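No lab work stands behind these numbers, since they all come straight from the coordinates. The model shown is predicted, which means the values in this text are computed figures rather than measured ones. All Cβ positions, glycine included, derive from the backbone under ideal geometry; neighbour counts span all protein chains shown.
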Ligand code: CO
């Protein structure tokens, strides 16, 4: 019980600290949220979105799951994207992976992990698709890290292929989708330069008229 009590104690100290800087902060935020960013990240406890980009509550709309996947039949993730784009009108969608991702590493092996293998299967497909390139890596660690990057790029494409994002572009809404990767070792974020902001950047087969 002690360890849960700690959460309440920390929470009160945190709320007091924020109110000290801006006495009306929570009052204002309780009335509306206007985040500019939707963050899709890994559930890993070492990659907490608001902390790593030093943003306050209200600034990031967040969806997290194991290995930051965007699966086109996942109603949970799609609902988050739809609300963020259609209602909150975020300007940027950020898919953020991280080096040394346990989900990515697990997907590369053949060991069984139970139910989660069905989820990790999506990464296995990416592994298979880029197997030639991945085999050129010097060691296992380098291979995991490259697959972490490729996985992010795949998820950026998956976001762009959704009807939600393509409909937004069709109606002229400014929206860009970015792929980032975070290093657990030094806390630094890197841009993977896979930003997509127009349907012309997508393969023709995925484009909607
Ligand atoms: Co991870």
(request) Take the chain, compute every pairwise Cα distance, and split them into 5 Å bins from 0; I just need the percent in each bin. (result) 1, 7, 13, 17, 17, 15, 12, 9, 5, 3, 1, 0
(request) Give the distance, in whole Å, between the Cα centre of region 148-176 and the Cα centre of region 75-139. (result) 15 Å
(message) Give me the one-decimal nm value for the distance between modelled label points at residue 91 and residue 185, 7 Å along each residue's Cα-to-Cβ direction.
(response) 3.4 nm
(message) If each DSSP helix of 4+ residues adds -39,500 (n - 2.57) and the sum is divided by the residues in the chain, what number results at 222 nm, nearest 500 deg cm²/dmol?
(response) -13500 deg cm²/dmol
(request) Mind ranking 88-101, 187-200, 20-33, 125-138 by how tightly packed they are, going by the mean number of other C-beta atoms within 10 angstrom, highest first? (result) 88-101, 187-200, 125-138, 20-33
(message) If I model a spin label as a point 7 Å beyond the Cα along the Cα-Cβ vector, how far apart are those points for residue 129 and residue 9 in nm?
(response) 4.9 nm
(message) Classify region 57-131 from the C-alpha gyration tensor, please: rounded if a/c falls under 1.5, else prolate or oblate depending on whether a/b exceeds b/c.
(response) prolate
(request) Would you mind calculating the gained length between residue 30 and residue 138 on full extension (0.36 nm times residue separation, minus the Cα-Cα distance), in nm to one decimal? (result) 33.8 nm
